[in-house]
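Undergrad: Questions regarding the structure given below will be posed in turn.
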Amino acid sequence: MSRRRRQRNALAQNAEINVTSLIDVAFTLLVIFIITAPALQGGIELRLPETDIQPITAQDDPFIVSVDADGLIWIGEDTQVPRDEFRTALPRFLDLAGASDVYIKADRDARHGDVAFVKGIAVTEARNRGGGIWELMDPDTQN
């Protein structure tokens, strides 16, 4: 019996784990990763040339087609065009404005289908006139 009691006491005394060396290894690895992390960023470091050019500007009076959150289509700031008439109205407005480029502006809450409808027709009309299509974005809401 005394032998069992002695073994239990011996086990109880040796049951503690020395974590000092474990902490040392963890901190060593942490330091290694902190030092090597910037080297793992990758990429090529470039020295880009500095220029004094002016930004590219659009035409003075851009032809803007807007789609609001309710799906309503606006040409310019004050002309609302019904969806079923947009396909025939857009070429007439482009001819009146003498424009070949179309700028599309959509509310962030506009349905994708409404914007895609407008964009599809606008792309076709702009290409027929040798122009392009551009999407206007508000830099404050590009999330």
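Please treat every number below as a calculation from the coordinates, not as lab data. It should be emphasised that the depicted structure is a prediction, and the values quoted were computed from it without experimental measurement. Neighbour counts are summed over all protein chains in view; Cβ atoms, including those assigned to glycine, are modelled from backbone coordinates with ideal geometry.
Undergrad: Return the sequence-ordered ³J(HN,Hα) values of region 19-27 in whole Hz as given by the Karplus equation 6.51 cos²θ - 1.76 cosθ + 1.60 applied to θ = phi - 60°, using x for Gly and Pro.
TA: My calculation for region 19-27 gives 9, 4, 5, 5, 5, 4, 5, 4, 5 Hz in order.
Undergrad: Quick one: 3J(HN,Hα) in Hz for region 128-133, Karplus 6.51/-1.76/1.60 with θ = phi - 60°, rounded, Gly and Pro as x.
TA: With the stated coefficients, region 128-133 comes to 4, 9, x, x, x, 10 Hz.
Undergrad: Sort 72-85, 25-38, 97-110 by packing, meaning the average of other beta carbons within 10 Å per residue, with the highest value first. Write down the numbers at each step before the final one.
TA: Numbers: 72-85: 12.9, 25-38: 9.6, 97-110: 16.5.
The packing order, highest mean first, is 97-110, 72-85, 25-38.
Undergrad: Binning at 5 Å from 0, report for region 64-138 what percent of all alpha-carbon pair distances ends up in each bin.
TA: Here the calculated profile for region 64-138 is 3, 17, 31, 29, 14, 4, 0.
Undergrad: Which cross-chain or sequence-distant (5 or more) residues have an amide H under 5 Å from the amide H of ILE104, H modelled 1.01 Å from N in plane?
TA: VAL65, TRP134, GLU135, LEU136
Undergrad: Between HIS112 and GLU50, what FRET efficiency follows from the Cβ-Cβ distance if R0 is 30 Å, with the result rounded to 0.05?
TA: Numbers: r = 40 Å, r/R0 = 1.35.
Efficiency for this residue pair is about 0.15.
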